[in-house]
Amino acid sequence: MRRRVLLVIASRYDPGAASLASRWASVGATLLTCEDLSSPGWCFSPAEAGRGTLVASGEVIPVRAVQGVLSRRPCILPDELPWVTPEDRQFVAAEMTAFMLAWLATLPCPVVNRPTPSCLNGPQWRAEHWASAAVRLGIPTRHVRRQVGRFEVSQDMRGNAGFWREADMEEIEDPTELIVVGSRVLGAARPRLRAQALRLAHAAGLRFLSVWFDGKEDGASFCGASPWPDLGREDVAEALLDLFGLRAAAKVAARAP
Amino acid sequence: MALVLAALRRRGAACWFLDQHAALSTSIELEVGDAVEGTVRIGARALMLKTVTAAFIRPYDGRRIPAVQRAGDAAGCHATALDDAMATWADLAPALVVNRPAAMAPNGSKPYQAELIRAAGMEVPDTLVTTDQRAARAFVARHGRVVYKAVSGVRSVVSRLGPEHRERLGDLATCPTQFQAFVPGIDVRAHVVGGRVFACRIDADEDDYRYPRHGDVRISRLDPGDDVAERWVRLTAGMGLHVAGIDLRLRPDGAWVCFEVNPSPAFSFYQEATEDPIDEAVAELLVHAA
């Protein structure tokens, strides 16, 4: 029987993702980079999404062998495609991103996080989207303000693009970070904050999310979230394996001679 | 945009036109907490965003505005910041927004949107996206007539795959390419505006009538019947859209096949031919929100 694979979708220049894929090699983890998207072997029929083939780390793999996907890229960028003619890079990057969206969205296995049309790893929510979602959930929330000044004025005043942003996150010296991994919440905080973090992740359709509050106690305000938690943490990696149902397999592999 | 703006003015609606060409003299303050508030200023004019009851948006990449391009890279960053701020507001504003950016985004991936269309109960063409020439040849062998088109929202000409293309199938390895079974029949474009439908048939001797190389393109009004029109209204609403241009083909066997739901349809081309008051319908939708 063919081996099962756990895909880590990332740039080959993402050391955190590469390190995790290497660490999870015993459970079949392999990197899928944009180089793989320029390789023969991809077959995707949306009506039969479970029957196609993909390419990861240069190898053609049946989709049915994929037991899970960790997505760690928002899109494919033109600059990542040096083998494509320069005038075609923007188009090819857009095509690859659009393809990955459709492919990831229809995969029959767990995908963390599922893509949305704005990002290959969950929704590309701005601070304002997060604040709005938190308010709707009744979570105490720090307001988000942004200001884009007139170009001429800001050119005179700042000598740059005239874009600045006043995000409350920047004002908080030591925010409390909780990391949602499936139904688990990693990090030290009161149960109420942990429940709020879970509700936010659920509202955003995410299973892997960093959530920040301006304190650890009940009544602390939500001040930001990101679907890009640090992969370098041991507890995060283990919780992800749990989420994919592979922790036991990893332990067995670790004990093998 | 010009047609809708004129229709709104004919109705005496209080309009505020946010012209992207004025990007360099535009500023935005946005605050989101218990409410979505802020102010947009263009020169001396100011708009309090909380007073907006409806918005019709047709945003372009601000970096491509000629004045922005002439002003250099920093101006491009400024335009991007404006675009991003306005898109964020448009997603979150309590106003009726035609259409919200998040609802328009699925159109950026044709196979992704096709699955939404299929999930809504409409037929879509059999599709293959591949980097593998053998798979492409097998698809052609299965369907006979096949077209290829862009996967993304980048506008491209839909073309029939011919013998001259088959020699180049080895190039597929560079980038996933989308093939679809050719669907015979009559091209139909349906504009849905709220609960109203304006449909027309397009007769042309082209695989993609938007790019006629020879002959005429003839557009005429079409009555799809109440049941079909109702399905299109439900499809549009189900995708979170208030206005859409649906591209379909009516097969000889009477079945409808849906290709795409355009969330920012350029309806003036069709309106000019059919004299359907699509602009008035959009204006009415926007005014009614107030």
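The values are calculated or read from the model by the stated rules, or taken from the named source; none is laboratory data. As the structure is a prediction and not an experimental result, all values here were calculated from the model. As a convention, Cβ positions derive from the backbone with ideal geometry for all residues, glycine included, and neighbour counts pool all protein chains shown. All accessible areas refer to the heavy atoms of the entire protein, side chains included, with ligands and DNA or RNA removed. Shrake-Rupley method; radii C 1.70, N 1.55, O 1.52, S 1.80 Å.
Being at the interface with another protein chain (Cβ under 8 Å from one of its Cβ atoms) and modelled with pLDDT of 95 or more narrows it down to one residue among A:ALA93, A:ALA98; which is it?
Numbers: A:ALA93 fails: at the interface with another protein chain (Cβ under 8 Å from one of its Cβ atoms).
Answer to the selection: A:ALA98.
Run down B:ALA135, B:ALA141 and say which single residue is among the small types (Gly, Ala, Ser) and within 14 Å of another protein chain (Cβ to nearest Cβ).
After ruling out the rest, the residue left standing is B:ALA135.
Please enumerate the residues belonging to region A:32-47 that are open to solvent by 30 Å² or more (accessible area, probe 1.4 Å), at the interface with another protein chain (Cβ under 10 Å from one of its Cβ atoms) and part of a loop (DSSP other than H, G, I, E, B).
A:PRO40
Report, ordered by the first and then the second residue, all pairs with beta carbons closer than 7 Å, sequence separation of six or more or different chains, a first member in region B:248-264 that is crowded, with 18+ Cβ neighbours inside 10 Å, and a second member that is in a strand (DSSP E or B) and small (Gly, Ala, Ser).
Cβ pairs passing all conditions: B:LEU248/B:ALA190; B:VAL261/B:ALA244; B:ASN262/B:ALA244; B:ASN262/B:GLY245; B:PRO263/B:ALA244.
In region B:112-125, how many are within 7 Å of chain A (Cβ to nearest Cβ) and not in a helix (DSSP H, G or I)? Lay out the reasoning, then the answer.
Going through region B:112-125, the residues within 7 Å of chain A (Cβ to nearest Cβ) turn out to be B:112, B:114-115.
Right, trim to not in a helix (DSSP H, G or I) and you get none.
Going through region B:112-125 one residue at a time, the tally reaches 0.
So, in region A:121-144, of the ones that are in a strand (DSSP E or B) and either of a type outside the set (S, T, N, Q) or farther than 14 Å from A:TRP212 by Cβ (or both), which residue ends up farthest from the other protein chains (Cβ to nearest Cβ)?
This residue is A:GLY122.
Pairs needed: first member in region A:124-143, in contact (Cβ under 8 Å) with a residue 40 or more places away in the chain and open to solvent by 30 Å² or more (accessible area, probe 1.4 Å); second member anywhere, part of a helix (DSSP H, G or I) and among the acidic types (Asp, Glu); C-beta distance under 6 Å; at least 6 residues apart or different chains.
A:ARG142/A:ASP168
Working only within region A:61-120, note down all residues that are open to solvent by 40 Å² or more (accessible area, probe 1.4 Å) and among the small types (Gly, Ala, Ser).
A:SER118
Hey, could you check region A:1-31 for residues that are open to solvent by less than 30 Å² (accessible area, probe 1.4 Å) and assigned to a strand (DSSP E or B) and say which is nearest to A:ALA98 (Cα to Cα)?
Here the answer is A:ILE9.
Got a sec? Which of B:LEU161, B:LEU169 is at pLDDT below 95, within 11 Å of chain A (Cβ to nearest Cβ) and touching a helix residue (DSSP H, G or I) at 6+ places or on another chain (Cβ under 8 Å)?
Going through B:LEU161, B:LEU169 in turn, the sole match is B:LEU169.
Tell me the helices (runs of 4 or more DSSP H) entirely within region B:1-111 that contain at least 3 residues that are open to solvent by less than 40 Å² (accessible area, probe 1.4 Å), within 11 Å of another protein chain (Cβ to nearest Cβ) and free of Cβ contacts under 8 Å to residues at least 40 places away in the same chain.
Result: B:73-92.
Can you tell me which residue within region B:157-173, out of those that are out of contact with any strand residue (DSSP E or B) (no Cβ under 8 Å at 6 or more places or on another chain) and open to solvent by less than 60 Å² (accessible area, probe 1.4 Å), is nearest to B:GLU260 (Cα to Cα)?
B:GLY162
Among the listed residues B:VAL154, B:VAL183, which satisfies the condition of being β-branched (Val, Ile, Thr), assigned to a loop (DSSP other than H, G, I, E, B) and surrounded by fewer than 15 Cβ atoms within 10 Å (Cβ to Cβ)?
On inspection, the qualifying residue turns out to be B:VAL154.
Scan region B:135-149 and give yes if some residue there is closer than 20 Å to A:VAL55 by Cα and surrounded by fewer than 20 Cβ atoms within 10 Å (Cβ to Cβ), otherwise no.
Scanning region B:135-149 turns up at least one residue that is closer than 20 Å to A:VAL55 by Cα and surrounded by fewer than 20 Cβ atoms within 10 Å (Cβ to Cβ).
Restricting attention to region A:188-199, which residues are under 21 Å from A:LEU70 (Cα atoms) and crowded, with 21+ Cβ neighbours inside 10 Å?
Within region A:188-199, A:ALA197 is the sole residue that qualifies.
Look through region A:228-257, keep the residues that are in contact with a Pro (Cβ under 8 Å, 6 or more places away or on another chain) and either within 29 Å of A:GLU128 (Cβ to Cβ) or assigned to a strand (DSSP E or B) (or both), and return whichever of them is most open to solvent (accessible area, probe 1.4 Å).
A:LEU243
Go through region B:188-212 and give me each residue that's at pLDDT below 95 and either closer than 12 Å to B:ILE246 by Cβ or touching a Gly at 6+ places or on another chain (Cβ under 9 Å) (or both).
Result: B:ALA204, B:ASP205, B:GLU206.
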